[in-house]
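Take a look at the structure set out below.
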Amino acid sequence: MSADAADDRALLARHTAGDREAFGELVARHRDRLWRVALRTLGDPEDAADAVQDALVSAYRSAATYRGDAAVTTWLHRITVNACIDLARRRASRPTTALTEQNLREADPVDGDYDAADAANAVMAALRRLPVDQAAAVVIVDVEGFSVREAAQILEAPEGTVKSRCARGRARLAELLSELAPGNPDAVPPVQRPMSVEPATIEPSVAGRDEDQEGSP
Amino acid sequence: MTEHPGAGHVDLEVLAELDEGVAGPQVEQAARAHLEHCAGCRERMAHLRTTRALLSALPADRMPEAVQTRIDAALATASVDGSGTVVPMRRRTRVWNSPAVAGAAAVAAVVVLIGALVAGNVIHHGKKTQTASAPLASEGNRQGSAAGAASIKEWATGANYTAATIPTLVPRLVTGTPPAGAPAPPLTASGSGGASGATTTDSKSAAVPAATPVPEGAFTQDAMRMDSSALLGCGTILAGGVPTVPVAVDFASWNGKPAVIFALPAVGHPESLDVWVVRSTCSTSSLDVYFRRIPRPAG
């Protein structure tokens, strides 16, 4: 066990023993990483803040249930990812602008000058188009650099499932990014975003609704 | 799902599975054979790897300050719910005017408390205001400014408050019908307008100079009994550094341990009172408090 992991366990133990400072210290050690996971999985800062808040409050209250079978950071990430997935599924019944085509277009540099910030924006926009379970897998493994074994613990899924989600997620991202690449003559046509919910629950975008409601009051 | 223009090419998802090592053996064999002679699919495989590189190159963003503030407040509230203790997660500059805090009701008050923990200048501010504030009149400034005349309905009921009884007991401090259970006369002194009756409130003058030396920025429960300025100083700490005159105070107990119950005006919420239970010394550095917002009783 690394020194950091041991420190995390000690802090959690102090928290469950009633040390009122310990959980704050634990949060301070991990909050940036948890924030990044939530932001990139959900694609929306407000949603990410909601998810991390839910996760940390849940962790605060359930610390006594931590069994030590995984690192504390794994445990915190697991709770955060679960909060993200829960929130994404709740949001899916009323999609936000984060799910619309417009966001993807906004990341498309019009001047052809494609710099690192554009690339990051494009990746973020593309991530938003992934089903949340694929986004979470890609974020945990490719962005945050967890091993597949750790990711399996975080995502509470077999390693093979994690690999499959990553592979499907990367394929989708590659498509979307090629679509965004400036001057790409062979861009793959955009695909419908398959949020991991019933498509019937997704309302059309505002623009689409206007068109769809032609003739209605 | 991942159709590529041109029949016979390897599906992008299959390429990704191949790259991840999760393609079945037959699929892998066929795909590798195709890749041998298809530059286009090799390019798409390279594109997949570029995608991974782009993912790993995303900037290491830090949690924004506003989100930290909000989460600290949520955790403080969670700790209130669970153990009756607000945990200052970290010190920071005042967040009173932070947009992230504005309008956040009870949570905001907890944030403000945390904001008050940052520095002794909060206390200096309170004292300065108090020195200038002359004897306080009998009817309070309900909006919480200590700069004007105000009174504190001060009690020493000795009642045992709990989270469950706060919503019923505290309004009675305000309306003048203190909690049942042998209310005791206030233990005021130092020339304040000390009440004598066991059930009467004490509209304590706050013009009393700080006669009892206390550590800078700290007010003990005894100091608060003896000295109105200590009460006001603690009220100011609780209100996040905004000079605030408590509507009512009760020297009582919390879950069996001595505590001072503060009912403060809820700034921006005239219909509410912020109830703080101070269980130990009231200071900027170690505040052991319980917080709850309740409706302000009529009268």
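In this structure, is residue A:7 within 23 Å of residue A:128 (Cα to Cα), among the charged types (D, E, K, R) and out of contact with any Asp or Glu (no Cβ under 6 Å at 6 or more places or on another chain)? For residue A:7, the condition - within 23 Å of residue A:128 (Cα to Cα), among the charged types (D, E, K, R) and out of contact with any Asp or Glu (no Cβ under 6 Å at 6 or more places or on another chain) - is not met. Among the residues of segment B:17-73, those that are assigned to a helix (DSSP H, G or I), under 25 Å from residue A:127 (Cα atoms) and touching a Gly at 6+ places or on another chain (Cβ under 8 Å) comprise B:40, B:56.
Does segment A:100-115 contain any residue that is of a type in the set (D, E, K, R) and at pLDDT 75 or above? No, segment A:100-115 contains no residue that is of a type in the set (D, E, K, R) and at pLDDT 75 or above.
What are the residues in segment A:116-141 that are among the acidic types (Asp, Glu) and over 12 Å from the mean Cα position of the chain (by Cα), if any?
Initial filter on segment A:116-141 (among the acidic types (Asp, Glu)): A:118, A:133.
A:118 - this is the single residue of segment A:116-141 that is among the acidic types (Asp, Glu) and over 12 Å from the mean Cα position of the chain (by Cα).
When restricted to residues that are closer than 17 Å to residue A:72 by Cβ, of a type in the set (A, V, I, L, M, F, W, C) and part of a loop (DSSP other than H, G, I, E, B), segment A:122-158 contains 1.
Return yes when residue A:33 is without any contact (Cβ under 8 Å) to a residue 24 or more places away in the chain, assigned to a helix (DSSP H, G or I) and of a type in the set (Lys, Arg) and no when it is not.
Numbers: without any contact (Cβ under 8 Å) to a residue 24 or more places away in the chain: no; assigned to a helix (DSSP H, G or I): yes; of a type in the set (Lys, Arg): yes.
When the stated conditions are applied, residue A:33 does not pass them.
When the residues of segment B:36-51 are filtered to those that are of a type in the set (A, V, I, L, M, F, W, C) and surrounded by fewer than 17 Cβ atoms within 10 Å (Cβ to Cβ), the one that is nearest to the other protein chains (Cβ to nearest Cβ) is B:46.
The number of residues in segment B:41-75 being small (Gly, Ala, Ser) and in contact with a Ser or Thr (Cβ under 9 Å, 6 or more places away or on another chain) comes to 1. Within segment A:1-24, residues that are closer than 14 Å to residue A:68 by Cα reach partners that are hydroxyl-bearing (Ser, Thr, Tyr) with beta carbons closer than 7 Å, at six or more positions or on different chains, in the pairs A:8/A:73; A:12/A:66.
The set of residues in segment B:279-296 that are at pLDDT below 75 and hydrophobic (A, V, I, L, M, F, W, C) comprises B:287, B:289, B:291. Could you say whether any residue in segment A:60-76 is at pLDDT below 95, more than 14 Å from residue A:136 (Cα to Cα), in contact with a Pro (Cβ under 9 Å, 6 or more places away or on another chain) and assigned to a helix (DSSP H, G or I)? Taking every residue of segment A:60-76 in turn, none turns out to be at pLDDT below 95, more than 14 Å from residue A:136 (Cα to Cα), in contact with a Pro (Cβ under 9 Å, 6 or more places away or on another chain) and assigned to a helix (DSSP H, G or I). Checking every residue in segment B:52-72 against the condition of being of a type in the set (A, V, I, L, M), more than 7 Å from chain A (Cβ to nearest Cβ), in contact with a Cys (Cβ under 9 Å, 6 or more places away or on another chain) and more than 17 Å from residue A:52 (Cα to Cα) gives zero matches.
Kindly indicate whether any position in segment B:266-278 is at pLDDT below 85, over 21 Å from residue B:77 (Cβ atoms) and not in a strand (DSSP E or B). Yes, segment B:266-278 contains a residue that is at pLDDT below 85, over 21 Å from residue B:77 (Cβ atoms) and not in a strand (DSSP E or B). Each residue in segment A:18-64 was checked for being among the charged types (D, E, K, R) and crowded, with 23+ Cβ neighbours inside 10 Å, and 1 pass. Screening the candidates B:31, B:16 for the property of being touching a helix residue (DSSP H, G or I) at 6+ places or on another chain (Cβ under 6 Å), modelled with pLDDT of 90 or more and within 9 Å of another protein chain (Cβ to nearest Cβ) yields one hit, B:16.
The values are calculated or read from the model by the stated rules, or taken from the named source; none is laboratory data. What you see is a predicted model; the values in this text were computed from it and never measured. Here Cβ is always computed from backbone atoms with ideal geometry, including for glycine, and neighbour counts include all displayed protein chains.
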